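Here's the structure we're looking at; comments come further down.
The values are calculated or read from the model by the stated rules, or taken from the named source; none is laboratory data. Since the structure is predicted, the reported quantities are computational estimates derived from the model, not experimental observations. Every residue, glycine as well, gets a Cβ built from its backbone with ideal geometry; the counts of neighbours run over all protein chains shown. Each accessible area value is taken on the protein alone, full model and side chains, heavy atoms only, with ligands, DNA and RNA left out. Shrake-Rupley method; radii C 1.70, N 1.55, O 1.52, S 1.80 Å.
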Amino acid sequence: MKTILRFVTVFLMLTSCVFAQKYITKNGKINFYSDAPMEKIEAKNNEVKAALDASTGDIVFQVLITSFEFKQALMQEHFNENYMESPKFPNSTFKGKINNLKDINFSKNGKYNAVIEGDLTIHGVTKKVKQNGSLEVKDAKVIATSKFNLAVKDYNINIPSAVAGKIAEKVQVTVDVTMDQKK
Amino acid sequence: MKNWLKFLIVAVVVGIITVITVLWYINKPNKDIEKATAEYTLNADDLYKQYSDNKAIADSLYNGKVIEINGKISIIEAPSDTFVVAVFTQKQDTTQLKTDDLFGDLNAEGGIRCTMLQNHCEGTKNTAPNSVVKIKGLCKGMQGTDLIFVKCSIVK
(Lines give C-alpha, C1' and ligand atoms only; values in the text may rest on other atoms or scores of the structure.)
Protein backbone atom coordinates (compact mmCIF):
# COMPACT_ATOMS: atom_id res chain seq x y z
CA MET A 1 0.00 0.00 0.00
CA LYS A 2 2.79 2.38 0.97
CA THR A 3 4.56 1.65 -2.31
CA ILE A 4 1.43 2.50 -4.31
CA LEU A 5 0.96 5.74 -2.39
CA ARG A 6 4.61 6.68 -2.95
CA PHE A 7 4.27 5.90 -6.66
CA VAL A 8 1.09 8.01 -6.96
CA THR A 9 2.74 10.93 -5.10
CA VAL A 10 5.83 10.85 -7.33
CA PHE A 11 3.65 10.56 -10.46
CA LEU A 12 1.53 13.56 -9.42
CA MET A 13 4.64 15.62 -8.65
CA LEU A 14 6.19 14.79 -12.01
CA THR A 15 3.04 15.54 -14.01
CA SER A 16 2.48 18.83 -12.18
CA CYS A 17 6.06 19.83 -13.10
CA VAL A 18 5.37 19.05 -16.76
CA PHE A 19 2.11 21.07 -16.78
CA ALA A 20 3.87 23.96 -15.02
CA GLN A 21 6.21 24.25 -18.00
CA LYS A 22 3.66 25.95 -20.23
CA TYR A 23 3.28 29.73 -20.44
CA ILE A 24 0.43 31.42 -22.27
CA THR A 25 -1.22 34.75 -23.06
CA LYS A 26 -3.98 36.16 -25.21
CA ASN A 27 -2.98 39.77 -24.52
CA GLY A 28 0.43 40.01 -26.18
CA LYS A 29 1.53 43.14 -28.03
CA ILE A 30 2.97 43.45 -31.52
CA ASN A 31 3.64 46.86 -33.07
CA PHE A 32 5.00 47.69 -36.47
CA TYR A 33 6.53 50.85 -37.79
CA SER A 34 7.78 52.06 -41.12
CA ASP A 35 9.33 55.42 -41.81
CA ALA A 36 9.12 56.24 -45.52
CA PRO A 37 10.08 59.63 -47.00
CA MET A 38 6.47 60.82 -47.25
CA GLU A 39 4.62 58.95 -44.53
CA LYS A 40 5.17 57.24 -41.20
CA ILE A 41 3.09 54.14 -40.72
CA GLU A 42 2.50 52.83 -37.24
CA ALA A 43 0.08 50.22 -35.91
CA LYS A 44 -0.39 48.23 -32.72
CA ASN A 45 -2.08 44.97 -31.83
CA ASN A 46 -2.81 44.11 -28.18
CA GLU A 47 -4.64 40.84 -28.77
CA VAL A 48 -1.75 38.57 -29.72
CA LYS A 49 -2.05 34.96 -28.63
CA ALA A 50 1.16 33.20 -27.63
CA ALA A 51 2.24 30.01 -25.94
CA LEU A 52 5.62 28.69 -24.84
CA ASP A 53 6.49 25.20 -23.68
CA ALA A 54 9.56 25.59 -21.50
CA SER A 55 10.30 21.85 -21.49
CA THR A 56 10.60 21.56 -25.29
CA GLY A 57 11.30 25.18 -26.35
CA ASP A 58 8.27 25.20 -28.65
CA ILE A 59 6.87 28.70 -29.09
CA VAL A 60 3.83 29.82 -31.09
CA PHE A 61 2.20 33.14 -31.89
CA GLN A 62 -1.11 33.89 -33.55
CA VAL A 63 -2.03 37.40 -34.69
CA LEU A 64 -5.43 38.53 -35.93
CA ILE A 65 -4.61 40.97 -38.74
CA THR A 66 -7.77 43.06 -38.30
CA SER A 67 -6.73 43.75 -34.71
CA PHE A 68 -3.95 46.11 -35.83
CA GLU A 69 -5.03 49.63 -34.92
CA PHE A 70 -3.83 52.67 -36.88
CA LYS A 71 -4.37 56.30 -35.97
CA GLN A 72 -5.89 57.02 -39.38
CA ALA A 73 -9.00 55.15 -40.51
CA LEU A 74 -8.05 55.25 -44.21
CA MET A 75 -4.63 53.72 -43.53
CA GLN A 76 -6.27 50.91 -41.53
CA GLU A 77 -8.74 50.29 -44.33
CA HIS A 78 -5.99 50.13 -46.99
CA PHE A 79 -3.87 47.88 -44.76
CA ASN A 80 -6.68 45.33 -44.38
CA GLU A 81 -8.25 45.48 -47.80
CA ASN A 82 -5.44 46.28 -50.23
CA TYR A 83 -2.22 45.03 -48.67
CA MET A 84 -2.89 42.28 -46.13
CA GLU A 85 -6.20 41.11 -47.67
CA SER A 86 -7.35 40.25 -44.16
CA PRO A 87 -10.71 38.68 -45.16
CA LYS A 88 -8.70 36.11 -47.19
CA PHE A 89 -5.75 35.79 -44.76
CA PRO A 90 -7.20 36.69 -41.33
CA ASN A 91 -4.29 35.41 -39.22
CA SER A 92 -0.52 35.50 -39.16
CA THR A 93 1.26 32.77 -37.25
CA PHE A 94 4.70 31.87 -36.05
CA LYS A 95 5.56 28.33 -35.01
CA GLY A 96 9.09 27.70 -33.90
CA LYS A 97 11.59 26.67 -31.27
CA ILE A 98 14.07 28.30 -28.95
CA ASN A 99 17.44 27.15 -30.28
CA ASN A 100 19.43 27.82 -27.11
CA LEU A 101 16.94 26.37 -24.61
CA LYS A 102 19.75 25.05 -22.39
CA ASP A 103 20.88 28.64 -21.71
CA ILE A 104 17.52 29.60 -20.21
CA ASN A 105 16.68 28.72 -16.64
CA PHE A 106 12.92 28.97 -16.27
CA SER A 107 13.12 28.33 -12.54
CA LYS A 108 15.39 31.33 -11.91
CA ASN A 109 14.38 34.97 -12.36
CA GLY A 110 16.54 36.75 -14.93
CA LYS A 111 16.83 38.02 -18.47
CA TYR A 112 18.15 35.61 -21.08
CA ASN A 113 19.08 36.03 -24.73
CA ALA A 114 17.10 33.71 -26.95
CA VAL A 115 17.56 32.59 -30.53
CA ILE A 116 14.23 31.63 -32.02
CA GLU A 117 13.83 29.82 -35.32
CA GLY A 118 10.69 28.71 -37.11
CA ASP A 119 8.02 29.29 -39.72
CA LEU A 120 6.48 32.72 -40.03
CA THR A 121 3.26 32.89 -42.06
CA ILE A 122 2.03 36.28 -43.23
CA HIS A 123 -0.44 36.93 -46.06
CA GLY A 124 -0.57 33.19 -46.76
CA VAL A 125 3.19 32.97 -47.37
CA THR A 126 5.37 30.90 -45.04
CA LYS A 127 9.07 31.68 -44.62
CA LYS A 128 11.74 30.22 -42.37
CA VAL A 129 13.02 32.91 -40.02
CA LYS A 130 15.64 33.10 -37.29
CA GLN A 131 15.54 36.02 -34.86
CA ASN A 132 17.23 37.09 -31.67
CA GLY A 133 15.16 38.17 -28.74
CA SER A 134 15.08 38.10 -25.00
CA LEU A 135 13.15 36.04 -22.51
CA GLU A 136 12.76 37.46 -19.03
CA VAL A 137 11.73 35.00 -16.35
CA LYS A 138 9.90 36.88 -13.63
CA ASP A 139 8.25 34.71 -11.00
CA ALA A 140 5.43 32.86 -12.76
CA LYS A 141 5.75 34.93 -15.94
CA VAL A 142 7.93 34.89 -19.04
CA ILE A 143 8.27 38.18 -20.93
CA ALA A 144 9.34 37.63 -24.54
CA THR A 145 10.60 40.64 -26.49
CA SER A 146 12.12 41.03 -29.93
CA LYS A 147 12.63 43.68 -32.58
CA PHE A 148 13.27 42.82 -36.21
CA ASN A 149 12.70 43.98 -39.77
CA LEU A 150 10.47 42.33 -42.36
CA ALA A 151 10.56 42.91 -46.10
CA VAL A 152 6.98 43.23 -47.34
CA LYS A 153 7.78 41.76 -50.77
CA ASP A 154 8.94 38.49 -49.11
CA TYR A 155 5.30 37.88 -48.18
CA ASN A 156 3.80 38.83 -51.57
CA ILE A 157 2.35 42.05 -50.18
CA ASN A 158 1.95 44.19 -53.26
CA ILE A 159 2.39 47.92 -52.94
CA PRO A 160 0.72 49.76 -55.87
CA SER A 161 3.22 51.81 -57.86
CA ALA A 162 1.22 55.01 -57.17
CA VAL A 163 2.07 54.81 -53.46
CA ALA A 164 5.32 52.84 -53.69
CA GLY A 165 7.36 55.87 -52.64
CA LYS A 166 5.21 56.41 -49.56
CA ILE A 167 5.61 52.97 -48.07
CA ALA A 168 8.91 51.59 -46.88
CA GLU A 169 10.04 48.25 -48.29
CA LYS A 170 10.87 47.05 -44.78
CA VAL A 171 8.82 47.42 -41.64
CA GLN A 172 10.16 47.22 -38.12
CA VAL A 173 8.25 44.76 -35.95
CA THR A 174 8.34 44.91 -32.14
CA VAL A 175 7.12 41.97 -30.09
CA ASP A 176 6.34 42.32 -26.38
CA VAL A 177 4.50 39.39 -24.90
CA THR A 178 4.01 38.62 -21.21
CA MET A 179 3.02 34.99 -20.76
CA ASP A 180 1.63 33.59 -17.51
CA GLN A 181 2.41 30.14 -16.26
CA LYS A 182 -0.43 27.80 -17.10
CA LYS A 183 -1.97 26.53 -13.89
CA MET B 1 -14.80 92.74 -61.83
CA LYS B 2 -13.11 91.22 -64.80
CA ASN B 3 -14.07 87.70 -65.83
CA TRP B 4 -10.56 86.28 -65.48
CA LEU B 5 -10.37 87.60 -61.92
CA LYS B 6 -13.73 86.01 -61.04
CA PHE B 7 -12.51 82.75 -62.55
CA LEU B 8 -9.26 82.94 -60.59
CA ILE B 9 -11.08 83.55 -57.27
CA VAL B 10 -13.47 80.64 -57.91
CA ALA B 11 -10.56 78.36 -58.90
CA VAL B 12 -8.59 79.27 -55.75
CA VAL B 13 -11.64 78.70 -53.48
CA VAL B 14 -12.44 75.35 -55.15
CA GLY B 15 -8.76 74.37 -54.90
CA ILE B 16 -8.62 75.20 -51.17
CA ILE B 17 -11.85 73.27 -50.48
CA THR B 18 -10.54 70.27 -52.44
CA VAL B 19 -7.21 70.25 -50.57
CA ILE B 20 -8.97 70.53 -47.18
CA THR B 21 -11.41 67.72 -48.11
CA VAL B 22 -8.61 65.41 -49.33
CA LEU B 23 -6.48 66.10 -46.23
CA TRP B 24 -9.48 65.49 -43.95
CA TYR B 25 -10.28 62.23 -45.76
CA ILE B 26 -6.67 60.98 -45.57
CA ASN B 27 -6.22 61.91 -41.90
CA LYS B 28 -9.71 61.01 -40.75
CA PRO B 29 -9.40 59.42 -37.29
CA ASN B 30 -10.99 56.10 -36.42
CA LYS B 31 -14.64 56.03 -35.43
CA ASP B 32 -15.42 56.80 -31.78
CA ILE B 33 -16.84 53.40 -30.88
CA GLU B 34 -18.08 54.50 -27.46
CA LYS B 35 -20.31 57.15 -29.04
CA ALA B 36 -21.26 55.14 -32.14
CA THR B 37 -24.67 53.52 -32.42
CA ALA B 38 -24.54 49.73 -32.31
CA GLU B 39 -25.58 48.10 -35.58
CA TYR B 40 -26.56 44.88 -33.80
CA THR B 41 -27.60 43.97 -30.26
CA LEU B 42 -27.00 40.30 -29.59
CA ASN B 43 -26.83 37.79 -26.79
CA ALA B 44 -23.23 36.61 -26.23
CA ASP B 45 -24.11 32.92 -26.59
CA ASP B 46 -26.09 33.51 -29.81
CA LEU B 47 -23.33 35.60 -31.36
CA TYR B 48 -20.65 33.04 -30.53
CA LYS B 49 -22.86 30.22 -31.86
CA GLN B 50 -23.25 32.02 -35.18
CA TYR B 51 -19.45 32.17 -35.57
CA SER B 52 -19.12 28.50 -34.54
CA ASP B 53 -21.85 27.35 -36.94
CA ASN B 54 -20.76 29.31 -40.00
CA LYS B 55 -17.73 31.54 -39.65
CA ALA B 56 -17.87 32.85 -43.23
CA ILE B 57 -21.43 34.15 -42.86
CA ALA B 58 -20.76 35.57 -39.40
CA ASP B 59 -17.56 37.25 -40.67
CA SER B 60 -19.47 38.97 -43.45
CA LEU B 61 -22.24 40.08 -41.10
CA TYR B 62 -20.34 41.24 -38.04
CA ASN B 63 -16.59 41.85 -38.66
CA GLY B 64 -15.81 45.56 -38.48
CA LYS B 65 -19.26 46.36 -37.01
CA VAL B 66 -20.17 48.02 -33.72
CA ILE B 67 -22.11 45.46 -31.69
CA GLU B 68 -23.75 45.51 -28.28
CA ILE B 69 -23.39 42.18 -26.49
CA ASN B 70 -25.57 41.03 -23.59
CA GLY B 71 -24.38 38.26 -21.36
CA LYS B 72 -22.64 37.00 -18.28
CA ILE B 73 -19.01 38.06 -17.87
CA SER B 74 -17.22 35.09 -16.40
CA ILE B 75 -13.61 36.33 -16.37
CA ILE B 76 -12.08 39.78 -15.99
CA GLU B 77 -8.38 39.91 -16.89
CA ALA B 78 -6.43 42.96 -15.78
CA PRO B 79 -2.78 42.72 -16.86
CA SER B 80 -2.45 46.42 -15.96
CA ASP B 81 -4.58 49.33 -14.71
CA THR B 82 -5.04 50.56 -18.28
CA PHE B 83 -5.50 47.20 -19.98
CA VAL B 84 -8.54 45.17 -19.01
CA VAL B 85 -10.25 42.36 -20.92
CA ALA B 86 -13.77 41.13 -20.10
CA VAL B 87 -14.49 37.60 -21.25
CA PHE B 88 -17.83 35.98 -22.03
CA THR B 89 -16.54 32.40 -21.74
CA GLN B 90 -18.13 29.86 -24.07
CA LYS B 91 -18.22 26.10 -23.71
CA GLN B 92 -16.09 24.39 -26.35
CA ASP B 93 -16.69 21.16 -28.16
CA THR B 94 -13.42 19.60 -27.03
CA THR B 95 -13.72 16.78 -29.57
CA GLN B 96 -13.33 19.38 -32.34
CA LEU B 97 -10.24 21.05 -30.90
CA LYS B 98 -6.80 20.45 -32.29
CA THR B 99 -4.66 18.90 -29.61
CA ASP B 100 -1.50 18.69 -31.69
CA ASP B 101 -0.34 22.21 -31.05
CA LEU B 102 0.50 24.40 -28.08
CA PHE B 103 -2.78 26.22 -28.35
CA GLY B 104 -4.71 23.07 -27.45
CA ASP B 105 -5.24 24.19 -23.84
CA LEU B 106 -5.73 27.82 -24.82
CA ASN B 107 -8.37 26.89 -27.35
CA ALA B 108 -10.30 24.99 -24.70
CA GLU B 109 -10.86 28.32 -22.95
CA GLY B 110 -12.43 30.25 -25.81
CA GLY B 111 -15.08 32.93 -25.67
CA ILE B 112 -15.85 36.52 -26.57
CA ARG B 113 -12.91 38.65 -25.45
CA CYS B 114 -13.58 42.38 -25.05
CA THR B 115 -10.59 44.70 -24.71
CA MET B 116 -11.98 47.66 -22.77
CA LEU B 117 -11.39 51.34 -23.52
CA GLN B 118 -9.07 52.94 -20.96
CA ASN B 119 -11.87 54.97 -19.36
CA HIS B 120 -13.85 51.74 -18.79
CA CYS B 121 -11.01 49.71 -17.26
CA GLU B 122 -11.69 50.71 -13.66
CA GLY B 123 -15.45 50.13 -13.93
CA THR B 124 -14.90 46.73 -15.55
CA LYS B 125 -12.40 45.67 -12.88
CA ASN B 126 -15.02 46.50 -10.24
CA THR B 127 -17.66 44.36 -11.95
CA ALA B 128 -18.30 41.16 -10.05
CA PRO B 129 -17.56 37.99 -12.06
CA ASN B 130 -20.71 36.33 -13.42
CA SER B 131 -22.54 39.66 -13.56
CA VAL B 132 -24.92 40.10 -16.48
CA VAL B 133 -23.78 43.17 -18.44
CA LYS B 134 -24.10 44.93 -21.78
CA ILE B 135 -20.83 45.68 -23.55
CA LYS B 136 -20.49 47.66 -26.77
CA GLY B 137 -17.44 47.26 -28.95
CA LEU B 138 -15.94 46.80 -32.39
CA CYS B 139 -15.99 43.21 -33.64
CA LYS B 140 -12.66 42.13 -35.16
CA GLY B 141 -13.38 38.47 -35.91
CA MET B 142 -12.28 35.04 -34.70
CA GLN B 143 -8.81 34.17 -33.51
CA GLY B 144 -8.72 30.44 -32.79
CA THR B 145 -11.67 29.87 -30.46
CA ASP B 146 -11.85 33.53 -29.38
CA LEU B 147 -14.08 36.19 -30.87
CA ILE B 148 -12.19 39.48 -30.51
CA PHE B 149 -13.83 42.80 -29.64
CA VAL B 150 -11.84 46.02 -29.11
CA LYS B 151 -12.57 49.57 -27.89
CA CYS B 152 -15.26 48.20 -25.61
CA SER B 153 -17.38 50.08 -23.11
CA ILE B 154 -19.93 49.02 -20.53
CA VAL B 155 -23.40 50.21 -21.53
CA LYS B 156 -25.48 51.46 -18.65
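A few remarks follow.
- Tilt relative to chain B, helix B:3-27 - C-alpha long axis, 0 to 90 degrees, to 10: 10
- Diffusion coefficient of chain A by Stokes-Einstein, Kirkwood radius over Cα pairs, 10 °C, 1.306 mPa s: 88 µm²/s.
- Cβ-derived FRET efficiency at R0 35 Å, B:E68 paired with A:D154, nearest 0.05: 0.30
- Note on B:148-156: average number of Cβ atoms from other chains within 10 Å of each residue's Cβ is 2.
- For the pair A and B, total buried accessible area rounded to nearest 100 Å², probe 1.4 Å: 2600
- Within the range B:60-93: backbone nitrogen closer than 12 Å to the B:Q118 label point (7 Å, Cα to C-beta): B:81-83
- Spin-label pair A:E136/A:E39, simplified geometry with 7 Å Cα→Cβ offset, distance in nm: 3.5
- With the charge dipole of the range A:33-131 set up from +1 on Lys and Arg Cβ and -1 on Asp and Glu Cβ about the Cα centre, the Cα lying farthest toward the positive end among the listed residues A:I116, A:I41, A:Q62 is that of A:I116.
- Debye intensity ratio in log₁₀ form over the Cα atoms of chain B, taken at each q of 0.09, 0.13, 0.19 Å⁻¹: -0.41, -0.65, -1.15
- Accessible solvent surface per residue of chain A, calculated while the other protein chains remain in place, 1.4 angstrom probe, Å²: 56
- Spacing of the two label points (7 Å from each Cα toward its C-beta) at B:A128 and B:A38, in nm: 2.2
- Sparse-neighbour loop sites [trypsin sites (Lys or Arg not before Pro); the range A:39-112; at most 12 other C-beta within 10 Å; DSSP]: A:K88, A:K108
- Other residues whose C-beta falls under 10 angstrom from the C-beta of A:V129 contribute a net charge of 0, scoring Lys and Arg +1 and Asp and Glu -1.
- Computed with every protein chain present, the accessible area of A:V152 is close to 30 Å² [probe 1.4 Å].
- Within chain B, helix-based [θ] at 222 nm, where runs of 4 or more DSSP H residues each add -39,500 (n - 2.57), nearest 500: -10000 deg cm²/dmol
- At R0 = 35 Å, FRET efficiency that the Cβ-Cβ distance of A:S55 and B:S60 yields, to 0.05: 0.25
- The dipole here belongs to the protein assembly as shown: it is taken about the Cα centre, uses +1 on the Cβ of Lys and Arg and -1 on the Cβ of Asp and Glu, and is about 400 debye.
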